[in-house]
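Please read the structure below before turning to the comments.
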Amino acid sequence: MKATHPQIELRNLHRWFGSTHAVNDISFEVAAGEVFGYIGPNGAGKTTSMRILSTLDEPHSGDAFVDGFSVLEDPDRVRSRLGFMPDYYGAYQDVNVREYLDFFARAYGLRGGERKRAIEFAMDFTELHPLATKPIDGLSKGMKQRLCLGRTMIHDPSVMVLDEPAAGLDPRARIELREMIRRLADLGKAILISSHILTELAEMVDKIGIIEQGRLLAVGSVAEISARVTPDSIVRIRLLEEAQSLAKWLESHDHVADLEANGAQLKFRHAGGEAEQAELLAKIIAAGFRPVEFATQTKSLEDVFLQVTKGRVQ
Amino acid sequence: MWQCGACGKGQVGFVPTLSPRKLRKPARLTKLTMLNTVAKTFTAIDPWLEWLGDRLNPLLVKETRQALKSRQFTLWFVLMLIASWLITIGGVAIIGPSISFVSAGGYLLLAYFFALAVPLVIVVPFTAYRSLAAELEDNTRDLLEVSTLSPYQIINGKLGSAVVQMLVYLSVLAPCLAFTYLLRGVDLPTIALLLSMAVCSSLALSLIGLLFAAVTRQRYAQVVLSIILAGALFLALWGLLMSAWAITNYGAWFAADETKIVIAAISSAFITTFALLYLTAVKLVTFASANRSTALRWAMVAQQAAFLAWVGGILAADNFSDVNQAAPGCGIVAGIYWLVMGSLLTGESPTLSRRVRRDLPQSTLGRMLLGLFSPGPASGYLFVIANLLTVAVLFLIGLSLRGGIFNSSVTGPRPSNVSAATFLLLGLSYVAIYLGIGKLLISAARRVAIVTMLGSFLIHVLLVLASCGVPVLLQQSISWLRSPNYTYLQLPNAAWTLSDLLDDDLTSLQWMTAVLIVPAVAACMFLVNLLFAAREADQQRVAAPERVVQDDLELAPPPELKPQNPWEEPEPA
């Protein structure tokens with residue numbers, strides 16, 4: 001039966017720490033198979049809201065839902081459906097990799113063959129097989145993160161909450177982690193992930209939520225948010241000839257501003273949508289200009305983040 | 001052929017294939033047949049062991065694995081072995097040739113008991129405490145809580161691990177204890193009693209260790225608690241050793257009926273207290289929106305019932321002749337117990353979570369009977385008063401059986417029946433007043449700040465200290481009030497009023513004033529708090545969310561309805 005509810009839903013969440021309003025009326029949804037990037041400066045309220053979603057903290061008002069179950073009313077049901085990877089590494093002494101995964105598999109109620117298959121799958125997925133008997137204290141940072149991810153997915157949760165999973169990883173480990181997360185989303189899991197490494201995040205997320213001072217400033221895809229914060233797009237045209245004449249021709253057109261011609265290249269700000277851009281391109285060609293490139297410059301996640309946030313801390 | 005547990009594929013194990021040449025040798029054949037039998041037995045047992053392993057507590061499995069690899073465990077194990085060897089060799093050397101006719105078992109038993117008591121009373125409980133406290137320090141507590149391990153599993157796992165360690169330490173000294181019996185001078189019941197005392201102490205202290213670890217998440221508080229626990233453990237060790245010394249030095253003490261009754265009474269007190277502490281530890285690791293109160297209230301009732309049953313049984317055996325003496329003592333015990341419990345229960349949140357409201361009694365009768373067991377400060381207040389009232393009423397019945405409640409003649413030992421009855425009435429009234437005022441103070445404080453259960457307890461402690469201390473201070477510091485005798489200023493002071501009442505030191509006017517005013521104030525306080533209780537009782541049961549109902553149906557689908565008559569049967573295709 002297909003679920004009619006979102007896999008993750010935060011509904012008007014509020015949480016105070018003394019006079020600090022750490023989470024201020026946060027609401028968003030994440031569907032199955034979606035990776036939701038949760039970004040914001042330090043102290044913005046990301047970890048607090050993730051902890052509330054993971055049943056480790058309680059909101060003062062509002063509620064959060066995992067697979068339709070309230071974290072306040074039915075934390076036990078939420079826990080069986082959720083995998084939480086905190087931003088710290090929880091290790092036991094005198095325990096090796098297999099024993100660590102075995103313990104958490106047992107803790108999630110997996111028994112017999114099911115448990116063995118789950119451990120094998122987690123170790124395959126995270127490529128930890130060669131380290132199966134190694135004490136977890138002696139693992140490198142990257143391997144520990146893999147182990148944490150393995151632990152988080154051991155009971156095949158439908159929702160995964162990953163708090164800064166890429167922190168402190170080298171570039172190769174980050175790329176591998178990114179691929180793992182994408183594969184998990186392809187398996188149908190709803191993933192809420194926070195990270196400060198925006199370039200990495202941009203390549204794996206379907207939607208983002210930007211949070212600052214406990215408030216959710218924007219939610220949507222990078223393109224949607226970008227279009228919302230600055231509706232104008234930057235258009236770049238390369239011609240076969242000098243672009244100066246085209247610049248003069250364009251000056252009289254609507255939606256066009258800030259023209260910059262440089263040799264055969266021309267850059268300008270366009271206030272219209274994609275339909276208007278297509279119309280403009282048709283007019284340029286009809287006017288006898290010979291464009292070889294017509295491109296809209298997309299904004300990066302970093303650009304969007306900088307535009308949306310003000311760098312305030314509380 | 002061995003069956004691989006992981007993949008299920010057949011593997012050739014250590015059982016060699018039998019060649020015809022080898023078969024010709026009968027001796028070799030017998031050996032191989034035996035090996036085959038052993039292999040078959042193991043193959044048959046293996047699935048059962050695996051089944052059992054799957055059902056073991058995950059924390060117990062993990063902790064045992066960790067413990068067996070830890071240096072601390074190895075160190076203590078080796079130390080115990082060395083200690084037992086030293087005691088055995090040293091003891092035998094000291095006794096010398098007279099070992100055949102001297103009754104030296106008692107001395108050696110004490111020495112072995114000391115060697116056993118240190119790990120059992122110090123090491124095992126402190127390890128239990130550290131194992132839960134370390135979950136917080138190593139950032140694994142969140143991982144445990146976010147798993148599907150139930151709070152019972154968490155506490156059982158930690159406690160189970162303590163029991164496993166205890167059994168290992170016991171196994172080291174078991175042969176030595178048997179040796180002391182062979183040396184004479186000590187009987188089996190004494191050995192059994194000492195061992196039971198050590199095991200029960202270790203178990204109870206381990207549970208207290210877990211309780212200390214679960215009570216707070218603040219690190220500085222954990223440091224303070226660990227110091228307190230260490231002190232308490234050494235104190236317990238000293239107490240246990242003194243008891244062991246006393247027990248081994250008494251002669252045929254075990255035969256006395258009174259001893260058996262005392263042991264049985266202590267055992268029931270131990271079991272009920274253990275149950276209460278166990279449930280408290282479990283509820284401390286239970287999520288906040290769950291019902292963390294009802295089970296504890298049942299445990300308190302069970303403890304009170306056991307207490308009353310023992311007191312009642314002992315009094316009934318003597319035809320209630322000593323009920324007037326027992327009433328004040330038992331009243332004090334019950335009053336202090338319920339004052340402490342009440343100070344915690346009145347600190348509960350007045351707002352019930354939707355999760356708790358789902359399980360509230362629905363019918364009027366259910367709400368009447370079980371309402372006192374529902375969480376909430378006002379219901380907690382009423383619960384305490386109801387329990388204390390039960391104690392008072394039972395003793396009043398006892399007094400009436402012994403010659404009447406209003407009988408003021410003192411034929412036997414004091415107090416008179418009427419003094420004992422007044423003591424019970426005033427004691428109950430004081431508890432109702434203190435808890436009632438405390439509860440109102442907490443309600444007021446909650447309008448401006450968050451009041452935790454510890455805060456609630458401290459408010460009550462301050463209130464009791466103030467109501468007893470301030471009148472004494474005023475009477476002794478103000479010149480025109482100064483008097484060594486009881487005055488009306490001491491009416492709020494339960495300690496002075498009740499002690500003078502028992503000693504018959506109150507004048508008849510003072511007695512009358514106390515009997516009229518204190519219960520009247522208590523009744524007013526009770527009525528005020530009853531209004532709060534009515535508001536709490538007004539909280540209605542709510543239905544489970546649709547998603548929960550749907551999930552329950554998926555987990556346990558209702559049985560398919562079978563046709564009840566031929567017309568309901570599906571037509572053949």
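The values are calculated or read from the model by the stated rules, or taken from the named source; none is laboratory data. Treat the numbers as computed from the prediction; the structure is a model and nothing was measured. No Cβ is skipped: glycine too gets one built from the backbone with ideal geometry, and neighbour counts run over all protein chains shown. Heavy atoms of the whole protein, side chains included, go into the accessibility calculation; ligands, DNA and RNA do not. Shrake-Rupley method; radii C 1.70, N 1.55, O 1.52, S 1.80 Å.
Using a 1.4 Å probe over protein heavy atoms, the accessible area lost on pairing B with A, summed over both chains, comes to approximately 3700 Å². As a calculated quantity, the FRET efficiency between A:R269 and B:R367 at R0 = 45 Å, using C-beta atoms, amounts to about 0.05.
Taking 18 Å as the limit for the C-alpha separation, the pairs A:K116/B:K158; B:K158/B:K283; A:K116/A:K189; A:K189/B:K62; A:K46/A:K310; A:K134/B:K69 exceed it in the case of A:K116/B:K158; A:K116/A:K189; A:K189/B:K62. For the stretch B:56-157, what is the charge dipole size about the Cα centre, in debye to the nearest 20, if Lys and Arg each add +1 at the Cβ and Asp and Glu each add -1 at the Cβ? So the dipole magnitude of the stretch B:56-157 works out to roughly 300 debye. Note on B:S467: accessible area approximately 20 square angstrom, rounded to 10, probe 1.4 Å, nucleic acids and ligands left out.
Listed by chain and number, the lysines whose alpha-carbon sits under 23 Å from that of B:K40, ignoring those within fewer than 8 places in the same chain, are B:K9, B:K22, B:K25, B:K31. Counting only DSSP beta bridges whose two residues both lie in the protein assembly as shown, roughly 70 percent are antiparallel. When only the Cβ of Lys, Arg, Asp and Glu is charged (+1, +1, -1, -1), the dipole of chain A relative to its Cα centre reaches about 600 debye.
Think of a 1.4 Å ball rolled over the protein heavy atoms: the stretch A:156-237 then has 39 Å² of accessible area per residue. Put a dot 7 Å past the Cα of B:A317, heading toward its Cβ, do the same for A:D63, and the two dots end up 5.7 nm apart.
The solvent-accessible area of A:M143, taken with every protein chain present and a 1.4 Å probe, is close to 50 Å². Across chain A, the relative contact order, built from alpha-carbon pairs under 8 Å that are at least six residues apart, equals 21 percent. Of all beta bridges that DSSP places with both ends in the stretch A:8-227, some 55 percent have antiparallel geometry. Residues in chain B average 53 Å² of solvent-accessible surface per residue, probe 1.4 Å, ligands and nucleic acids excluded. Classify chain B as rounded, prolate or oblate from the Cα gyration tensor: take a ≥ b ≥ c as the square roots of its eigenvalues, call it rounded if a/c is under 1.5, otherwise prolate when a/b beats b/c and oblate if not. Oblate shape, in that a/c is at least 1.5 and b/c is the bigger or equal ratio. Rounded if a/c is under 1.5, else prolate if a/b beats b/c, else oblate: with a ≥ b ≥ c from the C-alpha gyration tensor eigenvalues square-rooted, which is the stretch A:8-227? Cα axes put the stretch A:8-227 in the prolate bin. What FRET efficiency comes out for the pair B:L531/A:W16, r = Cβ-Cβ distance, R0 = 35 Å, nearest 0.05? Result of the calculation: an efficiency of 0.70.
Shielding of peptide A:23-30 by partners, expressed as the average count of other chain Cβ atoms within 10 Å per residue Cβ, is 0. State whether the protein assembly as shown is rounded, prolate or oblate according to the following rule on the C-alpha gyration tensor (a ≥ b ≥ c being the square roots of its eigenvalues): a/c under 1.5 gives rounded; otherwise a/b larger than b/c gives prolate, and the remaining case gives oblate. Oblate is the answer for the protein assembly as shown, as a/c is 1.5 or above yet b/c matches or exceeds a/b.
In terms of accessible area, using a 1.4 Å probe and ignoring ligands and nucleic acids, B:M512, B:M197 rank largest first as B:M512, B:M197. List the GluC sites (Glu not before Pro) in the stretch B:480-562 that DSSP assigns to loop (not H, G, I, E or B) and whose Cβ has at most 13 other Cβ atoms within 10 Å. Which are they? Listed in order of number, the matching sites are B:E560. Put a dot 7 Å past the Cα of B:V215, heading toward its Cβ, do the same for B:A444, and the two dots end up 2.8 nm apart. Among the protein heavy atoms, those of A:V222 account for about 30 Å² of accessible surface (1.4 Å probe, every chain in place). Annotation for B:D257 and B:Q476: the two label points, set 7 Å from Cα along the Cα-Cβ direction, are 4.8 nm apart. Each Cα pair under 8 Å and six or more residues apart adds its separation to the average, and for the stretch B:127-215 the resulting relative contact order is 57 percent.
Using the Cβ-Cβ distance between B:A386 and B:L81 with R0 set to 56 Å, the FRET efficiency works out to roughly 0.55.
Per-residue mean of foreign Cβ neighbours for B:332-343 is 0 (Cβ atoms of other chains, 10 Å radius). Quick one: dipole size for chain B, taken about the Cα centre, charges +1 on Lys/Arg Cβ and -1 on Asp/Glu Cβ, in debye to the nearest 20. Using only the charged Cβ atoms, the result is roughly 1940 debye.
Considering only alpha-carbon pairs that sit under 8 angstrom and 6 or more positions apart, the relative contact order computed for the stretch A:231-298 is 47 percent.
Averaged over the residues of A:64-76, the number of partner chain Cβ atoms lying within 10 Å of the residue Cβ comes to 5.
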